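Note sheet for the following structure.
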Amino acid sequence: MSFSRRKFLIGTGVVGGGLVIGFSLSNKPLIPGTRKNTFQPNAFLQITPENQVIFQLNRYEMGQGVFSSIPVLLGEELDYEPSGIISEFAGVHPDFAVGGMQLTGGSTSIYTAWKPIREAGATARAMLIKAGARQWRINEDDCTTANGQVKNNITGELLSYGKLSAAASKLSVPGNIKLKEPVDYQWVGKELPRHDAQIKADGTAVFGIDVQLPGLKTAVVVRPPQFGASVKSYDASRAKASNGVIRIFSIHSGIAVVAESYWQARKAAGLLSIEWQDGPLASVSTDSIVAEQKQALKHGEKNAFEEAGEIDSAWDQAAITIEAEYHSPYAHHSPMEPQNCTALIKNGRCEIWAPTQGPDMVRSIAAHFSDIEQENITVNTTFMGGGFGRRGYMDFAGEVAAIAKLMPGTPVKLIWTREDDMQHDFYRPSSYHGTKGALDADGNLLAWQHDIVTASIVKGFAPEIMSTVLPSWVPSETARGLGKTVGGWVAGSIPINREGMNIAYLTPNMRLNSIHHDPGIPIGFWRSVGHSHTAFVAESFVDELAHSAKADPVEFRLRHLKDKPRHTAVLKLATEKAGWNQSAEGVYQGVAVHESFRSYAAMVIEVSINGSQYTIERVVAAVDCGRAINPDIVRSQVESAIIYGLGPATKAAITIENGAVVQSNFHDLPVVRINECPNMEVYVVDSEEAPTGIGEIGLPPVAPALANALFSATGQRLRQMPLRLS
Amino acid sequence: MVSFNLNGKQVSVDAEIDTPLLWILRDHLNMNGTKFGCGAGLCGACTILLDDQATRSCVIPLAAIEGKSITTIEGLGDDHPVKQAWTELSVAQCGYCQPGQIMSTVSLLNQNSAPSDDEIKSALAGNICRCGTYQRIIAAVHKVAEGQLFYNADTVSPEQSMLKDGDL
C-alpha cells in the first residue's frame with residue numbers, strides 16, 4: 001500500500017446520508033469520509049483544526065477487536081491517545097484495498113495493518129513536526145511530540161496538531177519515514193480497554209439491523225428451502241390483504257414481501273402460497289453425500305499436491321502401519337445478528353447500509369442488481385453482530401438491491417429470520433479423510449499420507465465453476481478478485497479447504513492427496529476454513545501414531561518438532577501450564593498443536609466421563625501470534641475460538657435431506673451455552689516477531705485435543721464430528 | 001391501543017396486538033438496543049425485564065403487556081453497575097447479544113445479590129453468545145456482586161429514557 005499526496009480538498013464535503021460530493025485533484029475518486037479543512041496526509045487519517053484525529057478504518061469490526069487494536073497502531077506512531085481517535089468504517093476506495101479487495105478475513109487485519117497504519121501515523125507526525133519547526137524557525141531536531149502536541153524543546157512552547165494542521169497540509173509528504181523502536185511503545189502491547197466496550201454495553205452500537213432512515217420499510221424474502229430450487233408459481237392474494245403490506249414481488253432468490261414493519265412483513269410472508277420447482281439437488285442428502293465421499297476416497301482421482309521422499313516403498317520398511325478414516329460434516333456460522341441489509345435507490349444513485357466483511361463486494365453486487373454504476377453507489381458499513389466468514393458473502397446485498405430497485409425513493413431494510421440464516425448459509429464443507437501412517441523400528445514417523453475428499457472453496461471463485469461457493473449472479477470480476485485475495489491469505493495452498501494438511505512433524509516420506517467431490521451444497525469460509533477439519537484429522541491421527549508407538553503424545557510430538565521452534569514453544573507452554581500427565585483422578589487430558597494464519601496454537605483439553613456423557617473441565621491454550629498488539633484481545637479471541645470450535649466438535653452438525661438443510665433454529669441446532677463453558681486459560685508467547693493472525697488460530701486444535709482426551713479417558717477413538725461416545 | 005410503563009414512562013402503542021414486544025420496541029418506538037436473534041425465545045438477544053423478570057420480548061405479544069412495566073437496556077442509567085462492569089472488563093466482542101446478557105444479569109442480581117458460578121450459569125443459560133464471551137460474563141457478574149454496586153432496576157433515571165411524557 002502506498003500513500004499518495006492529496007491536496008487540501010476545498011469545495012468538498014459530506015452531505016446528508018453520508019454521500020460525498022465534490023471533486024478530487026487526483027484521478028481516483030474522492031476518499032470517503034473526507035471533511036472540509038482537515039490535514040489529510042493519506043487516505044486513512046485526517047486531523048481537524050480542533051485537534052480531532054479521524055481515522056478511516058478499512059477493517060471491519062465483527063467482534064475480533066480491529067476497532068480497538070488498529071487505532072492503537074495509528075496513535076502509537078502519531079503520539080496521540082488511541083482511545084481519543086474517532087474511528088469510522090472506511091467507505092469503498094482503492095486506497096483502502098489490501099491485495100485488491102477490501103475484505104476483512106483470513107486473520108489478516110493486524111498482519112496487514114501493522115506496517116502501513118503505523119506509517120500513516122508516523123508520516124503525519126513528521127509533517128506536523130516540520131510545520132511546528134517552521135513556525136518557530138527552529139530545527140526539526142529541536143521538536144518532539146506527545147499527547148497530540150508538538151513541543152518546542154528550546155522554549156518549551158506547545159502547539160496542538162490541530163493548530164498546525166493547516167500549515168502541515170501545505171507540506172509535501174516525506175518518504176523514508178522512521179518508525180518507533182519497540183522500546184518506545186506507549187500503547188502497543190498494552191492491555192487497553194476496547195474502544196467499543198461502552199457502546200456495546202449500553203445498547204447504542206449501531207449494527208446493520210439497527211439502521212433507521214425516514215420512511216424506512218421492511219422486507220423479508222421467502223426462499224426455496226431446497227438449494228437450487230426455484231419458484232414455479234405463487235399466489236400472494238391473501239398476503240397482499242394483510243395489514244401494512246406495501247409490495248410483494250418475485251426476485252432472483254425468492255418472493256419478497258415489503259411492509260411497514262418487520263412483523264407485518266413476516267406475517268404476510270406466512271400467508272404466501274408458493275409452489276417450488278425442484279432443482280438438481282432434490283435427491284441430495286447427508287447420507288448420499290457421505291456415501292459418495294467414501295466411494296471417492298477409494299476410487300476417486302487423486303491429486304498429489306504435496307510429496308516428500310519415496311512413500312510407496314516406505315510402507316514396506318515400516319515396523320508399524322496404521323490406517324484410519326475421518327469425517328467432518330457441514331457446519332453453520334449463525335452469527336447472533338441475522339443477515340440484513342438496507343438500501344435506498346433514488347435519482348440514479350444507490351446507498352447501502354450493510355453489516356459486511358467486504359463493502360467493495362457489496363458495491364459490485366449491488367451494482368449488478370440495481371443496474372447502477374459502481375461510482376454511483378455508496379456503501380456504509382456498520383458494526384457486525386458476528387461474522388465468522390458468513391459476512392464475506394453478500395447475498396443479502398444482492399437481494400436488497402433487487403428490492404430497492406423496484407421501489408425507487410423508498411428506503412428498504414431486508415431482514416432475514418434465524419431460519420433463513422441457518423438454512424441459507426455458506427457452510428463449512430463436508431469432508432471425508434483417509435489417513436495412513438508408518439513408524440520405524442525406533443517408533444519414529446517414517447511415512448505420512450493424508451487424502452482429503454471435499455469440494456474446494458476457491459475453485460468456486462473461478463467464474464465458470466463458481467456455483468458451489470457463489471451463486472451464479474455474482475459478477476465475475478468480484479469472483480476473480482475474491483479468489484485472488486483469498487488465495488493470498490494462505491499463500492501457496494490454493495485451492496482452499498485443504499490447508500493445514502502439511503504437518504509440521506518431521507517425516508522422511510509424505511504424500512497429501514486431494515480428491516474433488518462437490519455435492520453442490522453452498523460452502524464457504526468458516527472460521528479457520530480448511531484448518532478446522534484438517535487439524536482435527538492430522539492432530540488426531542498423530543495421536544493414534546503416538547499411541548501405536550507406545551509413546552507419550554507430547555513427547556512424540558516434541559521429538560518430531562525438533563526443527564520447529566515456535567510449534568515447540570507453544571506446545572511446551574500449554575502442557576507446562578496445564579500440568580501434562582498431572583491431572584486429578586478421573587480427569588483425562590488430550591493435546592493438539594497447529595499452525596495457521598502464520599501463528600501457532602497449542603491446546604490441552606481436560607475431560608471427565610459419566611457413562612456416555614463427557615464434561616470439558618478445562619481448556620489450556622498457548623498461542624504465538626508474533627507481537628501481541630493488545631494481549632487482552634488476543635486472549636479473548638482464543639477464548640472465542642474455543643467456544644466456537646466446541647460447537648461442531650461437540651453439539652450438532654448441519655444435515656441435508658432432499659437438498660435442503662434439516663435444522664432451522666437453535667432448538668434443533670444447539671450451540672455452546674454458558675452452562676457448558678469450560679474454564680479456559682490462555683497464555684500468549686511474548687514475541688518480538690511481526691504480528692500475525694489471531695482471530696481463527698485458537699479453533700483448529702479444539703476438536704483434536706478433545707478427541708485425544710476422550711481417547712485417553714475411554715479408549716474410544718472418535719473420528720467424526722460431533723464427537724459422541726458410545 | 002395498548003398502554004404500559006416503559007423505562008419509567010407511560011406509553012401507549014397502536015399496533016396489531018399480536019406484534020411481539022421486540023418489534024414494538026424496534027419498529028414502533030425506535031428503540032434498537034433490544035436485539036432480534038431467533039424470534040423463538042431460544043437465544044436471549046431480545047431479553048427485557050417484564051415486571052423485573054427477564055423475559056424474551058420476541059415471544060411476548062403486545063396484548064400481554066397492557067399495564068405491565070417494561071425495562072430495556074436503554075432504561076438502565078449511564079452509571080449502571082452492570083454496564084460499568086461489562087465496560088471495564090471489555091466483555092463484548094461483536095456485542096450483539098450483550099444487551100440481552102446484561103438484562104438477564106440485572107434480573108439475576110435483583111433476586112440474588114451474590115450468585116455462585118453455577119447460579120450465574122443457570123440464570124444466563126438462555127442467552128447465547130456466538131463470540132464465546134461467557135467466561136468474561138461470569139467474571140463481570142461477580143465484579144458487580146462483589147462491588148455491591150448493584151441497585152434495583154426500578155431506579156431507572158427518567159432523563160435516560162428516549163421517550164418524553166405524552167409521547168406516542
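What follows is calculated from the coordinates using simple rules that are stated; it is not laboratory data. This one's a predicted model, so the numbers in the text were calculated from it and none came from an experiment. Note that we place each Cβ from the backbone using ideal geometry, even for glycine, and neighbour counts take in every protein chain shown.
For the reader, a short list of remarks on this structure follows.
- Solution diffusion estimate, µm²/s, Stokes-Einstein, chain B, Kirkwood Rh from C-alpha pairs, 37 °C, viscosity 0.692 mPa s: 207
- Two-site label geometry, A:Ser250 and A:Lys294: point separation in nm, points 7 Å out along Cα→Cβ: 4.1
- Restricting the calculation to Cα atoms, every distinct pair contributes to the Kirkwood radius of region A:570-650, found to be 13.6 Å.
- Beta bridges per DSSP with both ends in region B:2-75, % antiparallel, nearest 5: 85
- Between the beta carbons of B:Lys68 and A:Arg349, assuming R0 = 45 Å, the FRET efficiency works out to 0.50 to the nearest 0.05.
- Under Stokes-Einstein, with the Kirkwood radius over Cα pairs as Rh, the value for region A:13-199 at 25 °C and 0.890 mPa s is 143 µm²/s.
- Stokes-Einstein D in µm²/s, Kirkwood radius over Cα pairs - the protein assembly as shown at 25 °C with 0.890 mPa s viscosity: 85
- Considering only beta bridges that DSSP places wholly inside region A:13-199, some 80 percent are antiparallel.
- Computed from label points 7 Å out along Cα-Cβ, the spacing between A:Asn610 and A:Arg35 is 5.8 nm.
- Modelled label reach - A:Lys651, point 7 Å along Cα→Cβ, region B:95-128 residues with backbone N closer than 12 Å: B:126-128
- Measuring between their Cα centroids, region A:112-168 and region B:44-101 lie 46 Å from each other.
- Relative contact order, percent, chain A [alpha-carbon distance under 8 Å, six or more residues apart]: 13
- Counting DSSP beta bridges with both ends in the protein assembly as shown, the antiparallel % (nearest 5): 75
- Per-pair calculated FRET efficiency, R0 = 60 Å: A:Lys562 and A:Ser172 via Cβ, rounded to 0.05: 0.70
- From the alpha carbon centroid of region A:259-298 to that of region A:518-577 is 35 Å.
- Here the calculated FRET efficiency for A:Glu373 and A:Ser160, from their Cβ-Cβ distance with R0 = 41 Å, stands at 0.45, rounded to the nearest 0.05.
- Take the Cα of A:Glu307, step 7 Å toward its Cβ, do the same at B:Ala139, and the gap between the two points is 5.1 nm.
- Counted residue by residue at 0.36 nm each, then reduced by the alpha carbon distance between them, the extension gain from A:Asp442 to A:Gln582 reaches 47.7 nm.
- Remark on region B:2-75: Rg and Dmax equal 10.7, 29 Å (Cα only).
- Seen from all directions on average, region B:81-147 presents a Cα convex hull projection of 3.8 nm².
- Residues whose amide H comes within less than 5 Å of that of A:Ile251, counting only those at least five positions distant or on another chain, are A:Ala256 (H built at 1.01 Å from N in the peptide plane).
- All other residues whose Cβ lies under 12 angstrom from that of B:Asp27 are scored, Lys and Arg at +1 and Asp and Glu at -1, for a net of +1.
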